[in-house]
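A.B. asks: What follows is a single structure, and I will ask about it in a moment.
The values are calculated or read from the model by the stated rules, or taken from the named source; none is laboratory data. Keep in mind the model is a prediction, meaning the values are calculated, not measured. For neighbour counting, all protein chains shown are included, and Cβ atoms are generated from backbone atoms with ideal geometry for every residue, glycine included.
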Amino acid sequence: MRAEAQEPCAMTTEPEAADQQASRNPANAPVRFAAFGKAGDGKLFTTAIRAFALAGKLGDRLVLHGFGRRRPRLVKWAKALGVDAVVDFADHAGDLAPLVIDVAIFLSAPDPEWQSTWSSRCRADMRVIGLVPRRSGGRLPALVDRAVPAGDVLALSTAMLSTAR
C-alpha cells in the first residue's frame, strides 16, 4: 500500500505523535472529507455520497471534485439521502485552495499533475482512502493509507468511520 520512500501524508505510530494527532482531531470533532475523481466516475461519486450518508456525523462535510457533467444527478442523490446541506461541489482546482481536508478519498487513480499538487497540499495528520478498481490489479498511489473495493458502499463508509477518527 504505502511506499516508504514517499510519505507526504504519513501516519506515525510513535505514541507521542499519535497523542498529538488525537488532540488535533478529537473523536467528536467534525471531519472534512473530500472525494476526488474524474468525469467518468459517476457511480463512484454516488458511492462516496452514499457512504458519507452512512458514516457522516453531525458537523462533517463532504466536498466532491472532478464530477464533470454529473453534478445534477449527484445533487439529487445528496438530497434523496438527506445530506445535501453538507455536500459541496468544487468546480475547479482553485476551489480547493481554502479547503482543509481531514480525509481524502480517491475514487480513481489521480492524474500525474494532481499527484504532485496533492503531495504538496498534504498535512501529516490527513488520511487518504483509495478505491481499488476491479481491473487495476490493486495499484494505488503511494500516499494511500487505506484501500477499499470500488463500488462497495459499506466498505467505504466503514473506512470513513475508522480512518477519520
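Yes or no, residue by residue, for (1) outside any helix (DSSP H, G or I); (2) over 12 Å from the mean Cα position of the chain (by Cα); (3) surrounded by 19 or more Cβ atoms within 10 Å (Cβ to Cβ):
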| site | (1), (2), (3) |
| --- | --- |
| 45 | no, no, yes |
| 48 | no, no, yes |
| 51 | no, no, yes |
| 54 | no, yes, no |
| 58 | yes, yes, no |
| 69 | no, yes, no |
| 72 | no, yes, no |
| 75 | no, yes, no |
| 82 | yes, yes, no |
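A.B. asks: Now for a different question. From (1) among the hydrophobic types (A, V, I, L, M, F, W, C); (2) modelled with pLDDT under 60; (3) within 19 Å of residue 61 (Cβ to Cβ), pick out the condition that doesn't hold for residue 142.
C.D. replies: Residue 142 satisfies every listed condition except (3).
A.B. asks: Condition test on residue 130, is it modelled with pLDDT of 75 or more, assigned to a strand (DSSP E or B), small (Gly, Ala, Ser) and surrounded by 13 or more Cβ atoms within 10 Å (Cβ to Cβ)?
C.D. replies: Yes.
A.B. asks: Then there is this: Taking the criterion of being modelled with pLDDT under 80 and part of a loop (DSSP other than H, G, I, E, B), would at least one residue in segment 60-67 satisfy it?
C.D. replies: No, segment 60-67 contains no residue that is modelled with pLDDT under 80 and part of a loop (DSSP other than H, G, I, E, B).
A.B. asks: Could you go through segment 107-119 and let me know if any residue there is modelled with pLDDT of 70 or more and more than 16 Å from the chain's Cα centre (by Cα).
C.D. replies: No, the conditions are met nowhere in segment 107-119.
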